[in-house]
Amino acid sequence: MFKAGDHPELTAMRATSMEERLVALYGAMPSVFDTASSASISFLEGIDGQPLDKILDLIEDARRARQEAAGREKPLPEQFYLSREEWDASVRNRSTRLAVSAERVPKFFRLARPGYEIAEFVTRQTSAGARVVLTGDASELQRADRLLNRKLGRRAEEAVDSPQILSAARGSLLKAGFVLDEGFVDAQSGIAMVAAADLFGPALKADAGMAASILEPELRIGDVVVHEDHGLGVLAAVEQVDLAGQHQDVVRLEYHGGASLLVPVDDFGKIWRYGSEPEAVSLDRLNGEGWPKRREAALREIDRLAKRLVGLAEMRSSQPAEIIKPSRADLARFAAKFPYTETPDQAAAIRAVLDDLSSGRTMNRLVCGDVGFGKTEVALRACAAAALCGKQVAVIAPTTVLARQHYETFSRRFAGTGLQVAHLSRMVGAAKAKAAKEGLRSGQVAIVVGTQALASRSVTFANLGLLVIDEEHRFGVKLKLALRKMAPCLHTLSMSATPIPRTLQSALSGIQDVSVLNSPPAKRRPVRTILAAFDPASVRAALLREFHRGGQSFFVVPRIEDIGPVSDQLNRLVPELGVMTAHGEMKGRQLDEVMVGFADGDGDILLSTDIIESGLDVPRANTIIVWRPDRFGLAQLHQLRGRVGRGAMQAAAFLLTEPGVELADGTRARLSTMLALDRLGSGLAISQRDLDLRGAGDLFGEDQAGHMKLIGVGLYEHLLERAVSAAGEGADPNRQLANINVPAKRAFPESYVNEPTVRVGLYARLSRIRSDLDLDAFSEELEDRFGDMPGEVTVLLELTRLRIAASELGVGKVDVGPEAVAITLRNKPLASRWRDRKVLGLEYRNGRVIFRRIEPRVSGIDAVRLALDAIRAVQPKHEV
């Protein structure tokens, strides 16, 4: 290790926070009460209780953490914040109480049908004479306005200030460009404010459409695909053909011997990406016998697997576990220490975990979320619930560094609760380890955080109730099974940004429940990823650029023996920068000191092996260089990339290969995945790609991967989901979107989306949509990415909406003619009941329901809508 030489001022600056610099410059920081000494203070009723206590608790947490940090003396937080005594003295004798009669607006985004609920709310309020005001930034207002226009057929009028709102007519629908945390209804003034956060959740600038189809790689021109009816082919092109006098997009699939099949966009739901590279595949013969035989064999095995999965689920539900349901007040006090707003996905995952623990059956849940997306907070809430109910909790991490970081986080969050947290790893001295084990044996220790040392026979628990496995992809199957056997009916929570293919497969198949965290923290930006040969000048430029903007860098090598030569190279390239080294052969305490020191600002570059892959949180590190990325796995590379970009600053990851060495095709394909999937929240997509490349492994110790290889990952998952539904007597497993044959031009025209690969991806995603809510999100994404939709795109989306509605009514097919609409129901016995139903405009003929109420000016799409409305009005719900 050598130290920074020429920048002592910058080095000193980096070692102090902004608050410390202000205190150093000015000596004291006046409060707002000092600068406005004569102002009166108004409090809403109840605001000075729990909210103020929460803030003061956070200050106390910060003070304790600062005192525990090794090293230099720091100013106490009283110099940055007011103490409770100072607050009370400042507001005494000049505060008043305000009583407000306003009611909160519902959190529509948490409801099952948010679009329907907001439309009902607006209709109810405006009918009662209230002025409804939508608030948010320009993009949020545009999104809300489009939603209400679709649902109610009315647009919001612009309002620029409060006088304009108050002077608007009763029953007006307005929009105002200011941001509220939450809305309210003030009956006295006749105003209902709806915040964008009420509609869409907390403002998170995520990539558009990121949540859509994250588990399925996008289709691209040249991909090998599998058609449910015709087998393996190559997706060759997007073409236009004339169908019934209308130009329509079709895709051309090429099969063995150059045979081609044209597939209309309405049948895209039958095309699935095949999980293999084109050169490794034998294409099927069109209309040959090979594909039907393979599909039949796969279906038999999938049905058998589905029955075992359902049996396993029934066995789990029949083995009752102790109900874990803590006091709501105790859990709320613990949650109040979380200093950030929960993302919608995070809140949903927390609810799901708490529901699992209180359900009376053993929890087995996987939380998938990208690096820094809030998985730890989900685990903290689960641990709090268990520990507050008297259960012991074991939290296992793959590395000593991550275990140490978790221990500090858990100790800080559980301080003041009366629950003892212990630490077990090679970093812990013999005396402390012995005390921790005795505490676990006696029940005095409520939560233990450690490495695989927790699986040792010397570790016994008095009342273990919950196991948390962080970075589950780093542990072997045997170890995870051994951990789960540490106690009978043990609740298990696994977490990973990139679950191993076997785990991902088990989650997708239903063996594990799964919660997905797709929402990134506010202001998070994707890490820019560059794949290139090693170039000394570029490396120096990247490291100095990070240094000059006050940041730190990682330099990761695949082997310990690479550290010496690379250290010499860095010494020559950037002698002015301080380099620290870390690897697995260092003594535990020495490694811990290096890691923690770097996180605290010591050094400019951390040269290490992949030991930094998990857990090291360095907010100021925004550049990472990986030497010889071909020697790392996909999950490793994604985790390494996740070490940077934890804040709002743009981060970069350089994957540097050996100069002059040609990469193998498979290796280049693997590394290209990192370049293609560089958006926020791409961890699951990388895992799915890994599932493509490596196969799933054996779910029950049997060769299930072979059948996945026969028919492809996408179709395998689709068929398995249907089979599980059938075996469990769930929803109709054969329910597909209804086919609607109507003469209407519908497409993503080239003038709107000019890239064929993008059009193919959009068609594929649209074909998988099964709810109005997902379709609304897809529609908003289109307008955000490509602008206002032309008529044929609007028709395409509206037809999809009608296909969803028809399938929910049990309709399999709709044919539109010049005088009538013919509707074919999927269930023929139920369809025959229409013989005896005498409904105006509907009649039963030749196994179909005929709708005749069509006026000459009604379009084909409107005719379908009217027909479905007529069926919905008279069809009993139990027949759907």
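The values are calculated or read from the model by the stated rules, or taken from the named source; none is laboratory data. Predicted model, so just to flag it, every value in this text is computed and none were measured. For neighbour counting, all protein chains shown are included, and Cβ atoms are generated from backbone atoms with ideal geometry for every residue, glycine included. The accessibility values were calculated without ligands, DNA or RNA, using every heavy atom of the protein model including side chains. Shrake-Rupley method; radii C 1.70, N 1.55, O 1.52, S 1.80 Å.
Within region 787-806, being in contact (Cβ under 8 Å) with a residue 12 or more places away in the chain, closer than 21 Å to Q240 by Cα and in a helix (DSSP H, G or I) holds for G791, E792, V793, V795, L796, L797, E798, L799, T800.
When region 449-476 is filtered for residues that are without any contact (Cβ under 8 Å) to a residue 60 or more places away in the chain and either more than 17 Å from Q392 (Cβ to Cβ) or part of a loop (DSSP other than H, G, I, E, B) (or both), the ones remaining, listed by number, are T451, Q452, S456, R457, S458, V459, T460, G476.
With respect to the conditions (1) in a helix (DSSP H, G or I); (2) under 26 Å from L663 (Cα atoms); (3) open to solvent by 40 Å² or more (accessible area, probe 1.4 Å); (4) in contact (Cβ under 8 Å) with a residue 24 or more places away in the chain, L531 falls short on a single one, namely (1).
Selection over region 544-561 of residues that are in a helix (DSSP H, G or I) and open to solvent by 20 Å² or more (accessible area, probe 1.4 Å) gives a count of 5. Contact map, region 156-168: residues that are of a type in the set (G, A, S) paired with residues that are part of a helix (DSSP H, G or I) and modelled with pLDDT under 90, Cβ distance under 9 Å, separation 6+ or inter-chain. Pairs shown: A156/L141; A156/A144; A156/D145; A156/L148; A156/N149. Selection within region 251-298: residues that are of a type in the set (S, T, Y) and open to solvent by 50 Å² or more (accessible area, probe 1.4 Å). The member of this set that is modelled with the highest pLDDT is S260. The set of residues in region 562-607 being under 16 Å from E546 (Cβ atoms) and part of a strand (DSSP E or B) consists of V579, M580, I605, L606, L607. When the criteria are applied in full, A455 meets the requirement of being in contact with a helix residue (DSSP H, G or I) (Cβ under 6 Å, 6 or more places away or on another chain) and either open to solvent by 30 Å² or more (accessible area, probe 1.4 Å) or polar (S, T, N, Q) (or both). Kindly establish whether S567 is open to solvent by 20 Å² or more (accessible area, probe 1.4 Å) and of a type in the set (S, T, Y). In short, yes.
M580 meets the conditions (1) open to solvent by less than 40 Å² (accessible area, probe 1.4 Å); (2) modelled with pLDDT of 90 or more; (3) of a type outside the set (S, T, Y); (4) under 20 Å from P398 (Cα atoms) in every case but one. The failed one is (4).
Flag not set for A777, criterion: open to solvent by 10 Å² or more (accessible area, probe 1.4 Å), closer than 12 Å to L868 by Cα, within 28 Å of the chain's Cα centre (by Cα) and small (G, A, S). Somewhere in region 415-426, is a residue assigned to a loop (DSSP other than H, G, I, E, B), out of contact with any Pro (no Cβ under 6 Å at 6 or more places or on another chain) and closer than 27 Å to Q590 by Cβ? There is at least one residue in region 415-426 that is assigned to a loop (DSSP other than H, G, I, E, B), out of contact with any Pro (no Cβ under 6 Å at 6 or more places or on another chain) and closer than 27 Å to Q590 by Cβ. Residues in region 230-250 that are over 30 Å from L773 (Cβ atoms) and modelled with pLDDT of 80 or more: 10 in all. Of all the residues in region 131-148, those that are in a loop (DSSP other than H, G, I, E, B) and either open to solvent by less than 10 Å² (accessible area, probe 1.4 Å) or free of Cβ contacts under 8 Å to residues at least 12 places away in the same chain (or both) number 1. If the condition is being among the polar types (S, T, N, Q) and more than 16 Å from the chain's Cα centre (by Cα), then region 332-361 contributes S358, S359. From the list G418, G374, G429, the one residue that fits, being over 27 Å from P488 (Cα atoms) and without any contact (Cβ under 8 Å) to a residue 40 or more places away in the chain, is G429. Looking only at residues in region 150-194 that are part of a helix (DSSP H, G or I) and either of a type in the set (D, E) or at pLDDT below 85 (or both), the one that is surrounded by the fewest Cβ atoms within 10 Å (Cβ to Cβ) is R150. Inside region 343-373, residues that are closer than 15 Å to A386 by Cβ, outside any helix (DSSP H, G or I) and among the aliphatic types (A, V, I, L, M) make up a count of 1.
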